1. Any idea what diffusion coefficient the protein assembly as shown gets from Stokes-Einstein, in µm²/s, Kirkwood Rh on alpha carbon pairs, 20 °C, 1.002 mPa s?
2. Charges at C-beta only: +1 for Lys and Arg, -1 for Asp and Glu. How large is the resulting dipole of segment B:77-301 about its Cα centre, in Debye rounded to 20?
3. Which is farthest toward the positive dipole end of the protein assembly as shown among B:Ala269, B:Ser204, B:Val189, measuring Cα position about the Cα centre, with Cβ charges +1 (Lys, Arg) and -1 (Asp, Glu)?
4. Please state the Cα pair-distance histogram of segment A:54-269 with 10 angstrom bins from zero: what percent is in each bin?
5. Would you mind checking the pairs A:Lys96/B:Lys301; B:Lys76/B:Lys271; A:Lys4/B:Lys112; A:Lys42/A:Lys217; A:Lys60/B:Lys257 and listing those with alpha carbons more than 23 angstrom apart?
6. To make sure I understand the rule: partners must be aspartates and glutamates, Cα under 16 Å from the Cα of B:Lys168, and not fewer than 8 residues away in the same chain. Which ones qualify?
7. Please give the average number of partner chain Cβ atoms lying within 10 Å of the Cβ of each residue in A:219-225, rounded to a whole number.
8. Cα atoms only: what Rg and Dmax, in Å, come out for chain B?
Amino acid sequence: MSRKKSRTTAYIIMSAMAVIFVLPLLWVIFASFNPDAGVGLKLPSTWVMENYQAVLSESKNMRSFGVGLVLSIGVAALEVVACALASYPLSRYELKYKKTFMYTILFMSCLPMTALMIPAYRLFVTLHLMDNLFGVVLFMAATQLPYNMWMMKNFMDQVSIELEEAAWVDGANKFKSLLNIVMPLMIPGLCTIAIHSFASSWGNFFTPFILLTSTSKYPAAVRLFQFFGTHGVNYGHLAAYSVMYSIPSIVLYSLAQGFMSKGFIMQGANKG
Amino acid sequence: MTKNAARGRLLSPAGRVGDLVYRTWMLWPALVLLAIFFIGPILMALYYSFTNLALSGSAAGNLRFTGLANYSRMIKDSDMVSSIRATLLFLIGSVVGQTVLGFFMALLMKGKSTAFRRITGSCVLTGWVMPEVVAAICMYAFFYSKDSGTVNRILAVFGAQPVAWLYKHALLSVTIANIWHGAAYSMMVFQAALDNVSADTEESAMLDGANRIQTLIHIYIPQVRSTIFSNTMLITLKTIGVFDLIFTMTGGGPGGKTQTLPVYMYLQAFKSFQLGYGSAISVVLLALGIMLSVLYTRVYKE
């Protein structure tokens, strides 16, 4: 096969793959604009915004988006602060067992969090944290911590220590040098971690599903699931809700694409 | 060890405990969170797996230590056996599917124009970026069993009969759903790895008259071998924990066919109210995760 021909073949096959990957999305898009949508794939006879308006005008839906936002921002903020603080000694000091500690963190970041949900339920009952949004934030933050700590420490290792040394000579303490010197240089890393933890929390269904009991506290993920499980559900509304709930994830991902690829490279460069 | 940390004048040898706590205070918020909400549940899972803990009913009031009862029950539990079988099939299908498809797409996109990469890449990525519950709903409609379901519509174009995907091939359907949802991750990882394979190596292979399959086997695969390994491990670990996708699509049905370990664990704990038994299943899941993580961390170290 000539090179040119094989190049054309590659273009064709990859285009076909792209089309196949889009196929499952057709339903959700068509149905969201269809005034009488079903589960079947059907082009709307008229394209209307009715479904979106209906979803937006229902206060329970708006509430679930609000709760999801609060949870996800809470987790992201906690994650950035806890990881930035923790990474400083891990990156800058010589600590006994640091290597072992870091590998333990890496190891923990690999564990399937799903397995923790039943004991987490029990733990929340014991600590009287059931149905408590702040408790959910703490739990989600903890389960994401190992991965983000690992990333953040590697980001911080990239920041040269020279500037800090100058600050120390001028009498700045460790915390100040972290805040005023290291942090500004790590904005891309901080954004990566914030976006990553926001998106993971926004998409997390299992945790709030187990740890929250009142419907009014359900975030968008759980509300959508319930919506889907309802008998005689309006599929047009379901599709519109799904699209709206996906938008933050899609927007954040597009925003983060630059940071993310940097993250990948940094993760690789710091191996060992 | 980093260059930074090795600098002598910043470091003092680790002193007394008080000094250590003072020097590492920045670590403590993270450590406390991990201890309560991460290590805590792991220890509780272990503990409760040896008890008769129940959500409600007569056993709920009196917690008893039942030794290995939950585990011996597990060995005889035919649902557990079929759950492990479903987990393995789902796992193997997802991991092989995502790796092969991700690698293949990365290879197809290598050296193509930026615009082409961006457009096709975005198509593949949409399924990955979406929250899992939405992905599940999209896939539910995709495999909808009546003739109006997306796949059945496509089959009809080719004159084929509609298939009741979510009843007859439920496990296959959720596996394909998971491949669709996850393949983009492998694609991105392999894209980054393949971009590092130098153009010279390919050129010389081509000049030597190697065909595409030979180039693939002798040039690409050896150069990205470590990436293939680490990516496989990471997807495996991710896949054994998948719950949202399967639970939304099928709820574990029909007839328990898509009841993977996480789904079975949930149903036992919260539908059959057997928290003790559910905890024992958590422990099995965790043990599986621990074995794989240890292996991954070991290899990562080298």
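Where a number appears in this text, it was derived from the coordinates with a stated rule and is not lab data. Here the structure is a predicted model, which is why all the values come from computation and not from measurement. FYI the Cβ positions are ideal-geometry reconstructions off the backbone, even for glycines, and counts take in every protein chain you see.
1. Numbers: Rh = 25.6 Å.
Rounded to a whole number, D works out at 84 µm²/s.
2. Values: 15 positive and 10 negative charges, 42 e Å.
Once rounded to the nearest 20, the dipole reads 200 debye.
3. B:Ser204
4. Percent of Cα pairs in each bin: 8, 29, 30, 21, 9, 3, 0, 0.
5. On the way: A:Lys96/B:Lys301 18 Å; B:Lys76/B:Lys271 20 Å; A:Lys4/B:Lys112 12 Å; A:Lys42/A:Lys217 35 Å; A:Lys60/B:Lys257 34 Å.
A:Lys42/A:Lys217; A:Lys60/B:Lys257, as the Cα separations exceed 23 Å there.
6. Hits, sequence-local ones excluded: B:Asp147.
7. Details: counts 0, 3, 6, 1, 1, 6, 6.
Mean inter-chain Cβ contacts per residue within 10 Å come to 3.
8. 24.5, 79
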